[in-house]
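None of the figures in this text is laboratory data; all of them are computed from the coordinates on show. In this text the structure is predicted, and so the values were computed from the model without any measurement. Don't worry about glycine lacking a Cβ; one is built from the backbone with ideal geometry, like all the others, and counts go over all protein chains shown.
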Amino acid sequence: MGKKSFSTTMDGETLKALKLYAVKQDRALNDVLEEAAAAYLAQKAAEDPDAAIFVRRAHEPIEDCLAAIERRLSSIKKRRA
C-alpha cells in the first residue's frame, strides 16, 4: 500500500522534540513518525491479540477490516452474555 496523507494534532513540545530529532538524524519527520508508529504497533501486537490481528489485516481493504472487527466484537459479546 502506498503512502496516505492524514492530519492530526499533537502536544506542541512533543512535536518540537520529534522535529528536532528528525533534523539531528537528517531524516524527514514523516519517516521518524512512521518508524515510531510501527514500533508502537509491534509492541501492542506482542501484548494484545486484537492488535496483532489489526497489524496482519492492514494490507486488506478497509471494508474487510471493518467486517472482521464487527465479527470479533460479536464473538466477544456472545462470550460475555
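Whenever a residue of segment 67-81 is under 23 Å from Arg57 (Cα atoms), its partners that are among the charged types (D, E, K, R), lying with C-beta atoms within less than 7 angstrom and at least six residues away or across chains, give the pairs Ala68/Arg57; Arg72/Asp50. For segment 1-49, filtering for residues that are among the aliphatic types (A, V, I, L, M) and closer than 22 Å to Pro61 by Cα leaves 6. In segment 38-64, the residues that are closer than 22 Å to Ser74 by Cβ form Cβ pairs under 7 Å with partners that are among the charged types (D, E, K, R) and surrounded by 14 or more Cβ atoms within 10 Å (Cβ to Cβ), at six or more places apart or across chains, as follows: Asp50/Arg72; Ala51/Lys44.
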